[in-house]
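Asker: Dumping the structure here so I can ask a few things about it.
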Amino acid sequence: MALPSGISFSSDHKVVLPARFNVAVPFIDRHVGEGRGAKAAIRMAQETVTYAQLAERVNRTGNALLGLGLKSGDRLLMVVKDCPAFFYLFWGAIKAGIVPVPPNTLLRAPDYAYMIEDSDAALVVYSTEFAGEIEPALKQMPARALTVDAFLAEMAKASDELEPRLAAPTQDCFWLYSSGSTGRPKGAVHAQRDMVVTSELYGARVLGVMEDDVSYSAAKLFFAYGLGNGMTFPLWTGSTAVLDDRRPTPDTTFDNIERFRPTLYYGVPTLYAAQLAALETRPRDLSSVRACVSAGEALPADMFRRWKERTGTVILDGIGSTEALHIFIGNRLDDYRPGTSGKPVPGYEARILDENAKPVARGESGALWLKAESAAKYYWNKPEKTAETMVDGWLNTGDTYREDEDGYYIYEGRSDDMLKVGGIWCSPVEIENCLIGHPAVLEAAVVGHADEAELIKPKAIVVLKQAGSGDAALTEALMALCKKTLAPYKYPRWVEYLPELPKTATGKIQRFKLRA
Ligand code: 3UK
């Protein structure tokens, strides 16, 4: 399919955009004019939404938001499950010049209260499933709020015609929150052009997403990975996205694959591991799938091999980030190496630097820096973090990498203490602070530990107030405390008791000494 009118890419993969435009036009509006009005944009068990319905509802949403008094540049915090309303809100806001902010829906009330305050949200829209966390957050940090159902009633009443609000391609368009090992989540501010860049350079050119593809992402839309897989790549290519609002499990994902017959499937290593285990007892039909993609954390080579043996399809591992918006180093169908992240996506420049910021010799490991046209411009209200992470047009990924003799990039870990659990960030400090809240605990350190599938999960090392070792009941209680207080995936899967923690002279926990 030709690129949308007015948009092109130079021979060195740089995007050329009109001086003023609105990115909802190429992603949403153009499809009706190009004859795809009756085609399914979204399929899910409950409903199908055509491109014509999508364009109409996006217009109504933009008008409803403006009718509620939101102005261009205002932030809309949308805590919304994977469902068509996610598309309406995200694109309706953008078309009206309003900035959508879709956070992780697995967080807790204090996280949302922080985000409402930090983003100064003009409106919060949330799925009722998340009311138990959003409503207490709204008590703590009052803001105008509507449930998705209440919003849809407003939407239905609004006009179905909306002129796109034009802006420069580098204008702020949407935010994604990203978490760090200490401190609060940071709002990574993305510009209008960023989704054009990821959808074309990785989606269309590396994966070859085409008009007749059907994409199914087990990774949710709130995650930059899922946002591309399950929304922007399908919309960019006029193809179809499959959504499911449930928590992904082997059963739900395989049921969806058999029912909707996707051609592209996107998961994270933790889920692939669970799916592989399930395939041992029950074979499933994956014959529709031409490629699987994995990101969020490194995919062990052995999982690649076992998946290929069982299903006949490859899993293309690629590294992406919230700041870069999507995958920037990836394997491809015609060029992959298991156990590596692949090679830089054409259009992205990667460098591995030593501690003096000099490129390392091939084969040596160093800090991975990235130059990307899809990179976030800055973190909202965080000038120091921005200055640390975004330097002279380059992004510090925080990852350590090495290039093998053939130019494939090999992941060697984070340069900070952050963990990826099921593809989602997990700060050891946050878990430690939760554990310290238990009356028996004096100190705690949390590190990553590989489970039987070679995937990293949090492990806690705990020092008790009363010398000695905790029993099974205390271990249970500590796990339960974390599950209740934190996003549930963050609880420690193992608890070990030590008489004291290794520390630096300045009292910092030396987590690396506990990792062995
Ligand atoms: C780690 C990986 C090894 C790495 C993401 C695809 O994960 C995404 O975004 P986040 O901001 O995290 C970024 C960090 O996660 N990571 C991601 N993928 C891999 N490590 N192998 C991988 N394949 O530490 C990176 O810096 O949550 C992934 C697309 C969009 C994304 N936002």
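The values are calculated or read from the model by the stated rules, or taken from the named source; none is laboratory data. Keep in mind that this is a model prediction, so the values were computed, not measured. Here the Cβ positions follow ideal geometry from the backbone for every residue, glycine too, while neighbour counts run over all protein chains shown. When the accessible area is computed, the model is the full protein with side chains, heavy atoms only, and any ligands, DNA or RNA have been set aside. Shrake-Rupley method; radii C 1.70, N 1.55, O 1.52, S 1.80 Å.
Asker: Taking only pairs six or more apart or across chains, which ones have beta-carbon atoms under 8 Å, a first residue in the stretch 310-329 that is in the same structural domain as Ala224 (by TED's automatic domain parsing) and touching a residue at least 60 places away in the same chain (Cβ under 8 Å), and a second residue that is of a type in the set (D, E, K, R) and more than 10 Å from the ligand (Cβ to nearest atom)?
Answerer: Leu316/Arg332; Leu325/Asp194; Ile329/Lys343
Asker: Name the residue, out of Phe21, Phe27, Phe9, that is within 24 Å of the chain's Cα centre (by Cα) and either modelled with pLDDT of 95 or more or among the aliphatic types (A, V, I, L, M) (or both). Let's see the steps before the verdict.
Answerer: On the way: Phe21 fails: within 24 Å of the chain's Cα centre (by Cα); Phe9 fails: within 24 Å of the chain's Cα centre (by Cα).
Matching residue, one of Phe21, Phe27, Phe9: Phe27.
Asker: Quick check on the stretch 228-245. Is at least one of its residues over 28 Å from Tyr336 (Cβ atoms) and touching a strand residue (DSSP E or B) at 6+ places or on another chain (Cβ under 7 Å)?
Answerer: Of the stretch 228-245, the ones over 28 Å from Tyr336 (Cβ atoms) are 245.
Now restrict to residues that are touching a strand residue (DSSP E or B) at 6+ places or on another chain (Cβ under 7 Å): none.
No.
Asker: Here's a follow-up. Report, by residue number, each residue of the stretch 121-159 that is in a strand (DSSP E or B), buried (at least 20 other Cβ atoms within 10 Å of the Cβ) and polar (S, T, N, Q).
Answerer: Result: no residue meets the conditions.
Asker: Same structure again: If Pro492 passes every condition in (1) farther than 28 Å from Ala109 by Cα; (2) assigned to a loop (DSSP other than H, G, I, E, B) but one, which one does it miss?
Answerer: Checking Pro492 against (1) farther than 28 Å from Ala109 by Cα; (2) assigned to a loop (DSSP other than H, G, I, E, B), the one that fails is (1).
Asker: Could you tell me whether Pro169 is in contact with a Leu (Cβ under 7 Å, 6 or more places away or on another chain) and more than 21 Å from Leu76 (Cα to Cα)?
Answerer: Spelling it out, it is not the case that Pro169 is in contact with a Leu (Cβ under 7 Å, 6 or more places away or on another chain) and more than 21 Å from Leu76 (Cα to Cα).
Asker: Another question, then. Take the stretch 348-365 and flag every residue that is touching a Phe, Trp or Tyr at 6+ places or on another chain (Cβ under 8 Å) and small (Gly, Ala, Ser).
Answerer: Of all residues in the stretch 348-365, those touching a Phe, Trp or Tyr at 6+ places or on another chain (Cβ under 8 Å) come to 348, 350-353, 365.
Ala350, Ser365, listed by residue number.
Asker: Now for a separate question. With respect to Ala291, is the statement that it is within 13 Å of the ligand (Cβ to nearest atom), under 24 Å from Phe233 (Cα atoms) and surrounded by fewer than 23 Cβ atoms within 10 Å (Cβ to Cβ) true? Lay out the reasoning, then the answer.
Answerer: Numbers: within 13 Å of the ligand (Cβ to nearest atom): no; under 24 Å from Phe233 (Cα atoms): yes; surrounded by fewer than 23 Cβ atoms within 10 Å (Cβ to Cβ): yes.
No, not satisfied.
Asker: Take Gly468 and decide whether it is farther than 30 Å from Ala361 by Cβ and open to solvent by less than 60 Å² (accessible area, probe 1.4 Å).
Answerer: In short, yes.
Asker: Still on this structure, please answer the following. Output the residues belonging to the stretch 369-413 that are farther than 19 Å from His326 by Cβ and open to solvent by 60 Å² or more (accessible area, probe 1.4 Å).
Answerer: Asn381, Pro383, Glu384, Lys385, Ala387, Glu388, Asp392, Arg402, Glu405, Asp406, Glu412
Asker: Determine if the stretch 317-333 includes at least one residue that is in contact with a strand residue (DSSP E or B) (Cβ under 7 Å, 6 or more places away or on another chain), surrounded by fewer than 19 Cβ atoms within 10 Å (Cβ to Cβ), modelled with pLDDT of 95 or more and in a loop (DSSP other than H, G, I, E, B).
Answerer: Yes - at least one qualifying residue is present in the stretch 317-333.
Asker: Determine, yes or no, whether Ile424 is closer than 23 Å to Leu107 by Cβ, touching a residue at least 24 places away in the same chain (Cβ under 8 Å) and among the β-branched types (Val, Ile, Thr).
Answerer: Values: closer than 23 Å to Leu107 by Cβ: yes; touching a residue at least 24 places away in the same chain (Cβ under 8 Å): yes; among the β-branched types (Val, Ile, Thr): yes.
Here the answer is yes, as Ile424 does meet what is asked.
Asker: Which condition from (1) within 16 Å of the ligand (Cβ to nearest atom); (2) assigned to a loop (DSSP other than H, G, I, E, B); (3) open to solvent by less than 20 Å² (accessible area, probe 1.4 Å); (4) in contact with a helix residue (DSSP H, G or I) (Cβ under 6 Å, 6 or more places away or on another chain) is the one that Leu286 breaks?
Answerer: Answer for Leu286: the failing condition is (1).
Asker: Given the stretch 413-455, what strands (runs of 3 or more DSSP E) lie entirely inside it while holding 2 or more residues that are more than 16 Å from the ligand (Cβ to nearest atom)?
Answerer: So the answer is 441-450.
Asker: Let me ask another. Can you pull out the strands (runs of 3 or more DSSP E) entirely within the stretch 10-94 that have at least 2 residues that are open to solvent by 10 Å² or more (accessible area, probe 1.4 Å)?
Answerer: Working: elements: 40-43, 48-50, 75-79.
Per the criteria, 40-43, 48-50.
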